[in-house]
Each structure stands twice: as structure tokens, then as C-alpha cells.
Protein chains: 4
Amino acid sequence: MKHSISDKKKLITRINRIKGQLAALSTAVEAEDDCYKVMQLLASCRGAMNGLMTDIVNSHIKDHVVKAATKQDASDAGDELIEILGSFLK
Amino acid sequence: MKHSISDKKKLITRINRIKGQLAALSTAVEAEDDCYKVMQLLASCRGAMNGLMTDIVNSHIKDHVVKAATKQDASDAGDELIEILGSFLK
Amino acid sequence: MKHSISDKKKLITRINRIKGQLAALSTAVEAEDDCYKVMQLLASCRGAMNGLMTDIVNSHIKDHVVKAATKQDASDAGDELIEILGSFLK
Amino acid sequence: MKHSISDKKKLITRINRIKGQLAALSTAVEAEDDCYKVMQLLASCRGAMNGLMTDIVNSHIKDHVVKAATKQDASDAGDELIEILGSFLK
């Protein structure tokens, strides 16, 4: 995934934030917090992960399908996209 | 949407099948059927619609992004795809 | 599904509206409209169907799980709910 | 969230597994791996998180809505469930 260094840093930061949310979730489960609180934390993690997924899928479309160097590269990247999207549209 | 006549017929057939599923849903609601049955019918409709969406999105990727005539067309079709996907990845 | 007559009418109206959206989709496919327009119409249908599903699931929770006459009825309605939710959380 | 110690341990184990998947994702982004590989890792994380969410929501339905001590507790747990489900059915 060829992205600028600043993009890479931003992605790592977002992944780390989700790890932090999962740590909070572990703590809540460990402390036997309210089930509602556990579900809210998990829904937040899920939202953050979906947001990250959206951004990476969008970059893939722009950088690897639309701006592919060759028709074959575009076709390969298109097939990869279709495979990944298959896990969402259910 | 330039597709062959046979593709068009298949799409219309699938849309009509979903309309039929909605008619069955109306009948179930009208007859005050069990809530569970109503939910099952609705879940089937939703599954059929998601399947249709997946196929149309996949055709769009293959025919209008990957096989675009120009870089500008590919870029426009890519932007359209991103907008549509935005409604799923939530 | 025991609901008041007014609820039933509202549900039928919403189902009919989705049927109308599907008819517009058929027309767009038949007329070989732009793929983007077809995807937008389909995304609208899907949104309307998800909204309907949410409302029916919520009624099920309130009327058939929470307000069940007996523990056994609550348990049965809970199992039905779990089965239906299984098709969404994927 | 009152669960047995063994349930708690299982939940923590699953959360830790997702953290491990996120660590693999960070490594892939850091190493500038293929975008496809990054998307696959992210799709796996998302699947694991959805699976965890499903199980916690199902426990909530069984333990806190169906088996609530009082009608009021069932009603409160039902409202919490509805709020959480609102983030999925979109």
C-alpha cells in the first residue's frame, strides 16, 4: 500500500485508538460493568473500525482501481475490491 | 446503464421477485400474522435486496470503473461508487 | 402480530412506498438509465427497508419480549429475535 | 454484567484476539504491505468484532431482557437493546 508517510502515520494512529477502545472494553468486562456499558463500548469500536474500513476502501478505489497504471492492474484491483465488499453487503 | 438485453431482463425479474416478497409481507401484516413471520419475510426481502445491490455494485466496478473509456470517466465512476458505498459501511 | 388498526395501516403504507420505489427502479433499469441512478434508487429502497425492519424489530422487543405474558413467551420471543438479528450482525 | 468467571475469561480472550489482529494490521500498514492485504486483515477484525457483538447482544437479550427480575428491569434492558441495535440496522 503505497501511501505518503503522513497517511501511514494517521492510519497507525487510528488503529492505535481502536486498540485503546478495546482495552477499555477489556477493563469493563474484567470489572463486570453493566452489560449496556459493554455494548456501548463495543458499538463504538465497531463504528471506529467501520470508519477506518471505509477510508481504506475509498483509498483503494481512488489509488488502485481508478489510477491503476494498466487495464490489467485496474481489473485486478477491481476484483480485490469486489471480494472485500462481499463481506459487507449481507 | 448499458447492459445486454438478457442482463436487463434478469434484473427486472429479480426486482419483480422482491416486489412479490413485499406483497407477501403486506398480506402477512394485513392478516395480523405472527410478528416472527413478518420479521422473517422482511429479512428475506432485505437479503434479496442486498444480493441485488451487490450484483449491481459489482457490475458498476467492472464495467464503469475498471473498463472506463477515459481516466476522467473512471474517476467519476469511482466517486459515484464511493458515495453509494458510504450508505453501507456504517 | 397484534397491533392496532392504525399501526397496521401505517405498516401497509410503508410497504407500499417501498413497492413504489421498486417500481421506479424497474423503470430506470428498463429505460437503461445511468448505473449511478440505479444504485441510488436501490440504496433508497434498502434504507427504507432497513427503517421498516428496525421499527418492526423494536415493536417485537417491546411488545413480545418485554411485555410477554409468561416467562416462556418471553423466552420464545427472545429466541425469535436472536434468530432474526443473526442476519444483520455480519 | 454478571457472568460466570469462565464467560468473562472467554470474552477477554476474544477481545485479546481482536487486539492481536489489530497489531497485525498495524504491522502491515507500517511495512507498506499491499492494500488488499490490509483490507483483508481489517475485514477479519471487523468479522471478529461483529461476532463478539452478536454474542454479547444475545446474552443481553437472554439474561437481561427475558430473565429480568421485574417488568421495569425488562423494559429498561429492552430500551438499551433498542438503542444499541439502532447502530446496526442502517
Cα-Cα over 32 Å, subset of C:LYS19/D:LYS62; A:LYS8/D:LYS8; A:LYS67/B:LYS8; C:LYS37/C:LYS67; D:LYS9/D:LYS37: C:LYS19/D:LYS62; A:LYS8/D:LYS8; C:LYS37/C:LYS67
Dipole magnitude of chain A about its Cα centre (Cβ charges: Lys, Arg +1; Asp, Glu -1), debye to nearest 20: 400 debye
Using a Förster distance of 56 Å, the FRET efficiency for A:ASP63-C:ASP73 (Cβ separation, nearest 0.05): 0.55
Inter-part distance where segment D:12-67 and segment C:20-67 are each reduced to a Cα centre, Å: 29 Å
Vicinal HN-Hα couplings computed from phi for segment D:30-44 (Karplus, 6.51 cos²θ - 1.76 cosθ + 1.60; Hz; Gly/Pro x): 4, 7, 6, 5, 3, 4, 4, 5, 4, 5, 5, 4, 5, 5, 5
C-alpha long axis of helix D:71-85 to longest principal axis of chain D, angle in °: 20 degrees
Principal axis box of segment C:48-90, alpha-carbon based, largest edge first, Å: 33, 19, 8
³J(HN,Hα) computed for each position of segment A:17-26 - Karplus, 6.51 cos²θ - 1.76 cosθ + 1.60, integer Hz, glycine/proline x: 5, 5, 4, x, 5, 5, 5, 4, 5, 4
Rounded, prolate or oblate (a/c below 1.5 giving rounded, otherwise prolate when a/b exceeds b/c) for the protein assembly as shown by Cα gyration tensor: oblate
Computed over chain B, the ratio Rg/Rh where both radii use C-alpha atoms and Rh is Kirkwood: 1.12
In segment B:1-86, trypsin sites (Lys or Arg not before Pro) in a DSSP loop with at most 16 other beta-carbon atoms within 10 Å: B:LYS2, B:LYS67
Using θ = phi - 60° and Karplus 6.51 cos²θ - 1.76 cosθ + 1.60, couplings along segment C:57-68 (whole Hz; Gly, Pro as x): 4, 4, 4, 4, 4, 5, 8, 10, 9, 4, 9, 4
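Since every read-out is calculated from the coordinates, none of them should be taken as a lab result. The shown structure was predicted, so the numbers you read here are calculated from the model rather than taken from an experiment. Please note: Cβ atoms are built from the backbone with ideal geometry, for glycine as well, and neighbour counts cover all protein chains shown.
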